[in-house]
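Let me begin by presenting the structure, written as structure tokens, before commenting on it.
The values are calculated or read from the model by the stated rules, or taken from the named source; none is laboratory data. Keep in mind that this is a model prediction, so the values were computed, not measured. Because the Cβ atoms are built from the backbone with ideal geometry, glycine has one as well, and the counts that use them run over all protein chains shown. Please note that ligands, DNA and RNA were not included when accessible areas were found on the heavy atoms of the full protein model with its side chains. Shrake-Rupley method; radii C 1.70, N 1.55, O 1.52, S 1.80 Å.
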Amino acid sequence: QSTWGSGDAVASDAALTLGFSVVDGPGGMPTVRTVTPGSEAARSGLEPGDAVVALAERRCTTAADFVALTKELAAYGLILPVVVHTREGQIREHLIRVRVLERGRDT
């Protein structure tokens, strides 16, 4: 299974975070595995089990797609719209800022 979260390196001294991690869920859809407490993702209402449908208006079909799109679209301070299909069957859009973390930091 592919997973992605705040600890994956994108440069030798930095990592990206959206404040949540994804795994390949049912049907291969990228599905939220964890949400970092206090993150913009948590404050926006993103929850484990939500299936990511699109990132910045580009469809995501697997966790690997989500990772590739995040890395392609990410820049310090960029806000990305994340469209999810919730466990309750609703479609929601969350605006989440991509953060660049220095190596070795947890926040």
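Condition test on Val67, is it touching a residue at least 24 places away in the same chain (Cβ under 8 Å) and touching a helix residue (DSSP H, G or I) at 6+ places or on another chain (Cβ under 8 Å)?
Values: touching a residue at least 24 places away in the same chain (Cβ under 8 Å): yes; touching a helix residue (DSSP H, G or I) at 6+ places or on another chain (Cβ under 8 Å): no.
No; evaluated as a whole, the condition is false for this residue.
Would you tally the residues in segment 38-91 being within 16 Å of Gly19 (Cα to Cα), among the charged types (D, E, K, R) and in contact with a Gly (Cβ under 9 Å, 6 or more places away or on another chain)? Final tally of qualifying residues: 2. The number of residues in segment 73-107 being open to solvent by less than 60 Å² (accessible area, probe 1.4 Å), β-branched (Val, Ile, Thr) and at pLDDT 90 or above comes to 4. Which condition breaks for Ala11 when tested against (1) farther than 19 Å from Glu93 by Cβ; (2) modelled with pLDDT of 85 or more; (3) open to solvent by 10 Å² or more (accessible area, probe 1.4 Å)? The one condition Ala11 does not meet is (2). Can you name the residue in segment 43-72 that is of a type in the set (A, V, I, L, M, F, W, C) and in a loop (DSSP other than H, G, I, E, B) and, of all such residues, is most open to solvent (accessible area, probe 1.4 Å)? Checked segment 43-72; the qualifying residue most open to solvent (accessible area, probe 1.4 Å) is Ala56.
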